[in-house]
Protein chains: 2
Amino acid sequence: MTSTEPVSLPAALSSFSALWSPRILTTVNDYDVRVAKVEGEHVWHVHDRTDEFFLVLDGELHIALRESESGGERTVVLPKGSAFTVPRGIEHKPYAPVRTEILVIEPSGTLSVGDRHDDVPGHVDVTTGHVLSS
Amino acid sequence: MTSTEPVSLPAALSSFSALWSPRILTTVNDYDVRVAKVEGEHVWHVHDRTDEFFLVLDGELHIALRESESGGERTVVLPKGSAFTVPRGIEHKPYAPVRTEILVIEPSGTLSVGDRHDDVPGHVDVTTGHVLSS
């Protein structure tokens, strides 16, 4: 999966248009570096066994979190150039108020809707990441 | 190590000035997401047991590679917005012709000069990454 040549993020992002449908940019050991275009709401879901890293390349990402300690919900807002790690076991729902581009790092094979999730709306791709076509 | 709030990359990068001295932005399971400012030459080194991911946030990074198959050297050039994974076991030497900002992903504890390296010049920090002071 790992390319022997550098990959341009702008070129990678211009190679597809589907929303909430991550592409695998490269791999690092048994981790994927994925990019995705997003807008609107994802779905409440949880990864039981892995953290999930988000970096906002453009736009703005909101991540709603259900953290057990507090019992309530809070939302972290990531403007362009911000990063956040959702800890394993924390229910979360990404949301983008505008067209947004993100980079995500998680173990290869991690499903976009986690191990448990609410009903998946039709606009959300259930995937472990697609190969980036050159 | 993982913050419960988003981290701004520009703010993180403005919080230090040392070159070739990575800061740990956040962690993802047992991996670090590090940022560094670089300029000039690093040192030939190799990570025997891990790949190493580079993303150029600003500037331009060159990575010289000694790939066993070819027996020779080649250099990959990463302009701003480009990414590359150096495979484990490949000797490499980063070089930046201008002041450059990079994001690196590798397992926590990975040493900046790898498991084997040439003599380390004084301007290269031998570190597993510094805590980002807020």
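Below 10 angstrom from the Cβ of A:Gly129, what's the summed charge of the other residues (Lys, Arg +1; Asp, Glu -1)?
Overall, the nearby charge balance is -1.
At a Förster radius of 30 Å, what calculated FRET efficiency corresponds to the Cβ-Cβ distance of A:Asp30 and A:Ser133, to the nearest 0.05?
0.85
Can you give the accessible area per residue of the protein assembly as shown, in Å², using a 1.4 Å probe?
On a per-residue basis, the protein assembly as shown sits at 43 Å².
Restricting things to alpha carbons, tell me how big the protein assembly as shown is in terms of Rg and Dmax, in Å.
That works out to 18.2, 58 Å for Rg and Dmax.
Charges at C-beta only: +1 for Lys and Arg, -1 for Asp and Glu. How large is the resulting dipole of the range B:1-72 about its Cα centre, in Debye rounded to 20?
240
Just how large is the dipole of the range A:59-127 about the Cα centre, in debye to the nearest 20, putting +1 at every Lys and Arg Cβ and -1 at every Asp and Glu Cβ?
Roughly 180 debye, rounded to the nearest 20.
Using only protein heavy atoms and a 1.4 Å probe, how much accessible area in total is buried between A and B, to the nearest 100 Å²?
Protein heavy atoms only, the A-B interface buries about 2400 Å².
Compute, for chain A, the length of the dipole vector about the Cα centre, with Cβ point charges of +1 (Lys, Arg) and -1 (Asp, Glu) only. Units Debye, rounded to 20.
240
On a 21 Å Cα-Cα criterion, which of the cross-link pairs A:Lys93/B:Lys80; A:Lys80/B:Lys37; A:Lys37/B:Lys37 come out too long?
Pairs exceeding 21 Å: A:Lys93/B:Lys80; A:Lys37/B:Lys37.
Which residues belonging to the range A:39-61 lose at least 40 Å² of 1.4 Å-probe accessible area when the assembly is complete, relative to their chain isolated?
Listed by number, the residues meeting the 40 Å² cut-off are A:Asp51, A:Phe53, A:Leu55.
How high is the FRET efficiency between B:Arg116 and A:Ile90 when r is their beta carbon distance and R₀ equals 45 Å, given to the nearest 0.05?
Efficiency at R0 = 45 Å is approximately 0.70.
Sequence-distant or interchain residues sharing an amide H contact under 5 Å with A:Asp51, placed H: which?
The list, which skips near neighbours in sequence, is A:Arg88, B:Asn29.
Treating only the Cα positions of the range B:47-86 as identical point scatterers, give the base-10 log of I(q)/I(0) from the Debye formula at each q in 0.17 Å⁻¹.
-0.50
Please identify which residues in the range B:51-84 have an amide N closer than 15 Å to a label point set 7 Å out from the Cα of A:Ser15, following the Cα→Cβ vector.
Within reach of a label on A:Ser15: B:82-84.
How big is the equivalent ellipsoid of chain A along its three axes, where each semi-axis is √(5λ) from the Cα gyration tensor, reported in whole Å from largest to smallest?
They are 23, 16, 14 Å, listed largest first.
Give me a single rounded figure for B:77-84: the average over its residues of other chain Cβ atoms within 10 Å of their Cβ.
Per residue, the average neighbour count from other chains is 6.
What is the pair-distance distribution P(r) of the range B:1-63, computed from all Cα-Cα distances in 10 Å bins starting at 0, with each bin given as a whole percent?
Per 10 Å bin, starting at zero, the Cα-Cα P(r) for the range B:1-63 comes out as 17, 50, 29, 3 percent.
Along the charge dipole of the range B:59-134, Cβ charges K/R +1 and D/E -1, which of B:Pro79, B:Pro97, B:Val113 sits furthest on the positive end?
Result: B:Pro79.
For a protection proxy built on the mean count of beta-carbon atoms within 10 angstrom, sort B:98-110, B:19-31 highest first, please.
B:19-31, B:98-110
Treat each spin label as a single point 7 Å out from the Cα along the C-beta direction, and report the B:Thr75 to B:Arg99 distance in nm.
My value for the distance between the label points is 2.2 nm.
Averaged over B:26-36, how many beta carbons belonging to a partner chain fall within 10 Å of each residue's beta carbon?
Taking the mean over all residues of the peptide, I get 5.
For the range B:21-134, which whole percent of the accessible surface, found with a 1.4 angstrom probe, sits on carbon and sulfur atoms?
Heavy-atom surface of the range B:21-134 belonging to carbon and sulfur, 1.4 Å probe: 46 percent.
Starting from the Cα gyration tensor of the range A:46-113, take the square roots of the eigenvalues, sort them a ≥ b ≥ c, and report rounded, prolate or oblate (rounded when a/c is under 1.5, otherwise prolate if a/b is larger than b/c, else oblate).
It is oblate, given that a/c is not under 1.5 and a/b is not larger than b/c.
The values are calculated or read from the model by the stated rules, or taken from the named source; none is laboratory data. Fair warning: this is a prediction, and the values are worked out from it, not measured in the lab. Glycine also receives a Cβ, built like all others from the backbone with ideal geometry; neighbour counts cover every protein chain displayed. All accessible areas refer to the heavy atoms of the entire protein, side chains included, with ligands and DNA or RNA removed. Shrake-Rupley method; radii C 1.70, N 1.55, O 1.52, S 1.80 Å.
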